[in-house]
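The next block holds one structure in the form of structure tokens; read it before the comments.
The values are calculated or read from the model by the stated rules, or taken from the named source; none is laboratory data. As the structure is a prediction and not an experimental result, all values here were calculated from the model. Positions of Cβ are generated from backbone atoms using ideal geometry, with glycine treated the same way; all protein chains shown enter the neighbour counts. For the accessible areas, the whole protein counts, side chains as well, though only heavy atoms, and no ligand, DNA or RNA atoms are used. Shrake-Rupley method; radii C 1.70, N 1.55, O 1.52, S 1.80 Å.
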Amino acid sequence: MYSIYGCPMHYGVGDEGLMYSLDYLNQYYDLSIPVVPEITMPENNLSDLKNLNSVVSTCWAIAKYQHHVIRHKDIPLFIAGDRSAVIGSVSATSANYENLGLIWISAFPDMHTQQTLASGNIREMSVSALLGMGEKSLTNILTSQIKIRPENIVMLGLQKITPSEKQLLKELKIKYYTYEETCRMGLTACIQQSIQYLDHLDAIHLSFSLDAMDPALIPGVSLPADTGFNLADIYQMFTYFLKELPVAAIDITEFNMAHDVEHHTSDFIYSLIGHIMELGENDTLIFPADILPYHVKHAFS
């Protein structure tokens, strides 16, 4: 059974449109997604990391909520603001599965530490924190152990890789495909190779950021890439991964309603939720399905 919830995290990047995106989804579609609110804390240390204390406190709240969901044998479906929120969600999944893999679908690898982070935005440290690197308050969510081993990660769709991140990807031998490589090799081949690489693991955390998509199709993100996957590409990835791998948790991140155009992004999110439900066959979603819009509701029939 899938259990949907969200958090309007914006502290990791500072774009205020993220703060209202869950409210927008709930109000525009007349839904009732449970919301873990951001926690605002005094910021009085490590000025090079923006909103550090607020990000850490909010990630702890997310982790505790997701840990509770998993303990009740449900699969969390987390609708998040900026990607710093996944430090919380992945930490919770890792605490419940000893041999966890991470599929990271994004234009950004988010593998900075405070030594290489020019912007100060913690969102750009999300994966490195899960690897146990950098600021301890970010790496110690729920436990002090590393959350993901580098050999258990596959990244798809990368476009914006800084030199320091490229060097770290190489040093840690993290398997990744740039968006250009998925076009050249063929997306199906990249998906199949990813499955073969991860299929020995006990569980998979599937983390998908909307910035991996073509901004001409999906404009509602804070920092769009130059190009990216189309809708069919994302449906294909979710189809393969959910059918072929033991996916234990899902993130959908980076929806920013302030940048959306004619509901293209929000409609896609609901369609993707419906697609996930169809793939689950007998799975159900803890969610008021009777008030879902038609293009999502049909997945429950």
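Nothing charged except the Cβ atoms of Lys and Arg (+1) and of Asp and Glu (-1): what's the magnitude of the dipole of the chain about its Cα centre? Round to the nearest 20 debye.
820 debye
Where a ≥ b ≥ c are the square roots of the eigenvalues of the C-alpha gyration tensor, would you call the stretch 92-221 rounded, which needs a/c under 1.5, or, failing that, prolate if a/b is larger than b/c, or oblate?
Oblate is the answer for the stretch 92-221, as a/c is 1.5 or above yet b/c matches or exceeds a/b.
Using a 1.4 Å probe, what is the accessible area per residue for the chain, in Å²?
40 Å²
Using the Karplus equation 6.51 cos²θ - 1.76 cosθ + 1.60 (θ = phi - 60°), what ³J(HN,Hα) coupling, rounded to whole Hz, does each residue of the stretch 65-73 give in order, writing x for Gly and Pro?
So the Karplus estimates, Gly and Pro as x, are 5, 5, 4, 4, 4, 5, 4, 8, 6 Hz.
Using the Cα gyration tensor of the stretch 15-77, with a ≥ b ≥ c the square roots of its eigenvalues, what is the shape: rounded (a/c below 1.5), prolate (a/b larger than b/c) or oblate (neither)?
oblate
Assuming a ≥ b ≥ c are the square roots of the Cα gyration tensor eigenvalues, decide whether the chain counts as rounded (a/c under 1.5), prolate (otherwise, with a/b larger than b/c) or oblate.
Rounded is the answer for the chain, as its axis ratio a/c remains below 1.5.
To the nearest µm²/s, what D does Stokes-Einstein give for the stretch 141-213 at 37 °C and 0.692 mPa s, using the Kirkwood radius over alpha carbon pairs as Rh?
240 µm²/s
Return the FRET efficiency for the residue pair residue 261, residue 118: r is the Cβ-Cβ distance, R0 is 25 Å, and the value is rounded to the nearest 0.05.
0.25
Let me have the relative contact order for the stretch 27-107, percent, based on Cα pairs under 8 Å that are six or more residues apart.
For the stretch 27-107, the relative contact order is 25 percent.
Cα centroid distance between the stretch 167-195 and the stretch 118-162, in Å?
18 Å
When only Cα pairs under 8 Å and 6 or more residues apart are kept, what is the percent relative contact order across the stretch 1-138?
Computed over the stretch 1-138, the figure is 29 percent.
Got a number for carbon plus sulfur as a percent of the chain's accessible area, 1.4 Å probe?
Carbon with sulfur: 51 percent of the solvent-accessible area.
Find the relative contact order for the stretch 134-211 and round it to a whole percent, using C-alpha pairs within less than 8 Å whose residues are 6+ positions apart.
28 percent
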